[in-house]
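The next block holds one structure in the form of structure tokens; read it before the comments.
The values are calculated or read from the model by the stated rules, or taken from the named source; none is laboratory data. The structure presented is a predicted model; accordingly, all values stated were derived computationally and were not measured. Cβ atoms come from the backbone with ideal geometry, glycine included; neighbour counts cover every protein chain shown. Ligands, DNA and RNA are stripped out before the accessible areas are found, and what is left, the full protein with its side chains, is counted by its heavy atoms. Shrake-Rupley method; radii C 1.70, N 1.55, O 1.52, S 1.80 Å.
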Amino acid sequence: MFSFKVDDDIYIELLQQHKEELFTLIDSNREHLRKWLLWVDKRQTIQDLEPIIAMWINNYAENNGFDAGIRFRGELVGMIGLHYINWKNRSTSIGYFLSETAQGHGIITRSISALLMYLFVELKLNRVEIQCAVHNIRSIAVPKRLGFTKEGIIRDGQWLYDHYEDLVIYSMLAKEWDTVEHT
């Protein structure tokens with residue numbers, strides 16, 4: 001099963017056996033996550049996670065991305081995922097969330113930085129995208145910090161409960177990643 005060491009403090013792992021822990025993470029951060037993620041209200045019980053975890057495992061088995069937990073010093077603090085890998089165009093997009101209490105340690109930035117090496121070197125992808133709500137300042141800071149290029153705004157790009165959110169799209173190409181200093 002997929003497990004990826006980012007550094008001495010952080011590793012990424014599939015969550016097939018950890019649905020209780022994942023539910024606790026979501027439930028204890030519900031208000032924080034709900035500001036930006038539509039699916040939060042759909043995960044009201046541990047049982048609500050069973051079909052989605054099965055889908056995540058199937059996607060990984062079919063070499064079609066993954067959704068995995070982020071552990072910081074052993075504690076599950078968030079998730080990171082590759083949404084659908086387009087093998088013809090050798091591209092994917094990264095999504096992520098982090099618990100409110102784990103913010104400010106560079107966990108997402110470090111995780112994505114390490115993941116980019118895997119995506120560009122091991123999987124030989126050409127393009128990686130990150131989309132963020134235009135008002136999600138913490139999320140936007142990640143691709144900026146990593147040297148992604150801002151491509152533009154997707155107006156009303158996401159329906160979020162009772163309103164549309166504009167999304168900003170960032171991308172990095174393999175040839176650009178080769179020129180970025182890696183930590």
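A count restricted to the stretch 54-70 and to residues that are modelled with pLDDT under 95 and part of a strand (DSSP E or B) stands at 4. With respect to the stated conditions, residue 49 fails to be in contact with a strand residue (DSSP E or B) (Cβ under 8 Å, 6 or more places away or on another chain) and either open to solvent by less than 70 Å² (accessible area, probe 1.4 Å) or in a loop (DSSP other than H, G, I, E, B) (or both).
From the list 168, 77, which one is touching a residue at least 40 places away in the same chain (Cβ under 8 Å), over 22 Å from residue 58 (Cα atoms) and crowded, with 18+ Cβ neighbours inside 10 Å? Lay out the reasoning, then the answer.
Working: 168 fails: touching a residue at least 40 places away in the same chain (Cβ under 8 Å).
Answer to the selection: 77.
Kindly indicate whether residue 131 is open to solvent by 30 Å² or more (accessible area, probe 1.4 Å) and under 14 Å from the mean Cα position of the chain (by Cα). Judged against the criteria, residue 131 is a match. I need the full set of residues from the stretch 80-94 which are in a strand (DSSP E or B) and open to solvent by 80 Å² or more (accessible area, probe 1.4 Å), in order please. Hits for the stretch 80-94 are 83, 84.
Quick one: is residue 125 touching a Lys or Arg at 6+ places or on another chain (Cβ under 8 Å) and crowded, with 21+ Cβ neighbours inside 10 Å?
On the way: touching a Lys or Arg at 6+ places or on another chain (Cβ under 8 Å): yes; crowded, with 21+ Cβ neighbours inside 10 Å: yes.
Against the criterion (touching a Lys or Arg at 6+ places or on another chain (Cβ under 8 Å) and crowded, with 21+ Cβ neighbours inside 10 Å), residue 125 qualifies.
For the stretch 22-41, the set of residues classified as aliphatic (A, V, I, L, M) and under 19 Å from residue 133 (Cα atoms) consists of 33, 37, 38, 40, listed by residue number.
Residue check: is residue 97 aromatic (Phe, Trp, Tyr), farther than 17 Å from residue 36 by Cα and open to solvent by less than 40 Å² (accessible area, probe 1.4 Å)?
Taking the combined requirement at face value, the residue does not satisfy it.
Give me the residue from the stretch 10-46 that is charged (D, E, K, R) and open to solvent by less than 50 Å² (accessible area, probe 1.4 Å) and, out of that set, farthest from residue 109 (Cα to Cα). Before you say what the answer is, go through the steps one by one.
Within the stretch 10-46, the first condition is being charged (D, E, K, R), and the residues that meet it are 13, 19-21, 27, 30-31, 34-35, 41-43.
Now drop any that are not open to solvent by less than 50 Å² (accessible area, probe 1.4 Å), which leaves 13, 30, 43.
On the way: 13: 17, 30: 22, 43: 26 Å.
Only one residue fits best here, namely 43.
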